[in-house]
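For reference, the structure discussed in these notes is given below.
The values are calculated or read from the model by the stated rules, or taken from the named source; none is laboratory data. Just so you know, these numbers come straight off a predicted model, no measurement behind them. Every residue, glycine among them, receives a Cβ derived from its backbone with ideal geometry; neighbour counts consider all protein chains shown. Note: accessible area is taken over every heavy atom of the protein model, side chains too, but ligands, DNA and RNA are not part of it. Shrake-Rupley method; radii C 1.70, N 1.55, O 1.52, S 1.80 Å.
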Amino acid sequence: MQQESNRLFRRGKTIAFVPTMGFLHEGHLALMREGRKHGDTLVISIFVNPTQFGPSEDFHTYPRDLDRDARLAETAGVDIVFAPEAEAMYDEGYQTYVDLDLLPRYLCGYSRPGHFRGVATVVAKLFNIVKPQVSLFGKKDYQQLVVIRRMARDLNIDVQILGVPTIREADGLAMSSRNNYLSQDERRSALSLFQSLEEAQRSVARGIKDAKQLIRGASELIGAHPYTKIDYVAVCDPETLDDVDLVDRPALMALAVWAGKTRLIDNIILTP
Ligand code: AMP
């Protein structure tokens, strides 16, 4: 991949890059279609990165289907699918990690210790391998997008980071490879994530600014559905991820909720 990237660079070609863990859905394809506009060559990676999964998380059961992914990628205009083996990315003596000070302490970082260290590390490695000028990330994983922006800036990685809006099913559920884990009943309850975010936005539009009240409203709506267990509901600054008390300017409402044994996330920018 590095040789290919160098060859493209020598020929004056720019590279747009979309990192993924595969089992592609419309959300991934939207990133690719957007990426297609931002480079001569569109590269995606498919790599279920072991270092971003906790010991009790779903690394081994995470859905994988490289043949299907390759076909879908082709329809979205992808030129190169980079799908390394874990041993090629992390050899026996591996010992270097990218660790951010503050951003991983918030939101998902709290219940997934080490997750963003794994994410920042693998994305830094992928940037060094693929050498893109532009890389695209989904706003569905909002904290990840903020972490990658900060990491690229802090380490002077010469890449432009673009955020792409969340793609949803017709009924509002944010698309995710993990939606495949849901039973029909859990899938119904999972709708409460987006419903509660939309309800919060309606409240803000009606003039409610108190973050605690908005969080309470969303938590009650989600809690009224069976099979749900809230990990967190937060209203915070969209850049620092620090809690805010009042939504008197755009604020990120982010949540993580278990539907049965599946942990789902979603978010919205609340705009007064
Ligand atoms: P993943 O394969 O889950 O690691 O996701 C790869 C990229 O696709 C990340 O930048 C995600 O934020 C993005 N992504 C995943 N689901 C969606 C979605 N529903 N809408 C937009 N982007 C998404």
Check: Can you find even one residue in segment 188-198 that is open to solvent by 80 Å² or more (accessible area, probe 1.4 Å) and part of a helix (DSSP H, G or I)?
Finding: yes
Check: For residues in segment 35-62 being over 17 Å from Val81 (Cβ atoms) and not in a loop (DSSP other than H, G, I, E, B), which is nearest to the ligand (Cβ to nearest atom)?
Finding: Gln52
Check: If you take the residues of segment 72-113 that are β-branched (Val, Ile, Thr) and within 22 Å of Val18 (Cα to Cα), which of them is most open to solvent (accessible area, probe 1.4 Å)?
Finding: Thr75
Notebook entry, point to check: Inside segment 122-148, can you point out the residues that are open to solvent by less than 20 Å² (accessible area, probe 1.4 Å) and more than 14 Å from the ligand (Cβ to nearest atom)?
Noted result: Ala124, Val130
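Scanning segment 149-178 for residues that are part of a strand (DSSP E or B) and within 13 Å of the ligand (Cβ to nearest atom), which turns out surrounded by the fewest Cβ atoms within 10 Å (Cβ to Cβ)?
From segment 149-178, those part of a strand (DSSP E or B) are 160-164, 168, 174; that's our starting set.
Applying the additional criterion that residues be within 13 Å of the ligand (Cβ to nearest atom) yields 161-164, 168, 174.
Working: Ile161: 19, Leu162: 18, Gly163: 18, Val164: 20, Arg168: 15, Ala174: 22.
Filtering first and then ranking leaves Arg168.
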Checklist line | Inter-residue pairs, beta-carbon under 6 Å, first assigned by TED's automatic domain parsing to the domain that holds Leu145 and open to solvent by 40 Å² or more (accessible area, probe 1.4 Å) and in segment 10-31, second among the β-branched types (Val, Ile, Thr) and more than 16 Å from the ligand (Cβ to nearest atom), 6+ apart | finding: Lys13/Thr41
Notebook entry, point to check: Taking segment 242-261, which residues are outside any strand (DSSP E or B) and out of contact with any helix residue (DSSP H, G or I) (no Cβ under 6 Å at 6 or more places or on another chain)?
Noted result: Asp242, Asp248, Arg249, Pro250, Lys261
Notebook entry, point to check: Taking into account only those residues within segment 100-134 that are basic (Lys, Arg) and in contact (Cβ under 8 Å) with a residue 24 or more places away in the chain, which is farthest from Thr51 (Cα to Cα)?
Noted result: Lys131
Next item on the list: Determine, yes or no, whether Phe47 is open to solvent by less than 40 Å² (accessible area, probe 1.4 Å) and touching a Pro at 6+ places or on another chain (Cβ under 9 Å).
Entry: yes
